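Here's the structure we're looking at; comments come further down.
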Amino acid sequence: MLVAQVPALMTVLGATGLLSGVRLTFAKAAQAGGIRWANANRLPVADASAEALYSSHMVEHLDPAEMRRFLAEVRRVLGLDKQGEEFYQITLG
């Protein structure tokens, strides 16, 4: 949600009513919580610097090559190079 990354945009869209209700609440919570959006092929964080990674309704839209790149990024940012580390992907529905 780009709007959470650009405070002025969130303010303008909220004031005009183009962003309201749940979406506006979500954007404000994301901004306050420091949630960041990124391209799945290159996440803007250092190696082994994240404890968790959340992706919603995205992986099913990737082609096989994009999926491999995304999973490589997941392993990189979570530091899953060590033997015995685990990764869980849950798809609901």
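Since every read-out is calculated from the coordinates, none of them should be taken as a lab result. Keep in mind the model is a prediction, meaning the values are calculated, not measured. Because the Cβ atoms are built from the backbone with ideal geometry, glycine has one as well, and the counts that use them run over all protein chains shown.
Per-residue counts of other Cβ atoms within 10 Å, averaged by peptide: what ranking do you get for 17-29, 58-70, highest first?
Answer by packing, highest mean first, reads 17-29, 58-70.
Tell me, what HN-Hα J-couplings in whole Hz come from the Karplus equation 6.51 cos²θ - 1.76 cosθ + 1.60 at θ = phi - 60° for each residue of the stretch 33-45, using x for Gly and Pro?
Those phi angles translate into x, x, 5, 10, 9, 8, 6, 5, 7, 8, 7, x, 9 Hz.
Relative to the present Cα-Cα distance, how much length would full extension add between K28 and A48 at 0.36 nm per residue of separation? Display every interim value, and only then the final one.
On the way: separation 20, 0.36 × 20 = 7.20 nm, distance 2.77 nm.
Extra length from K28 to A48 when fully extended: 4.4 nm.
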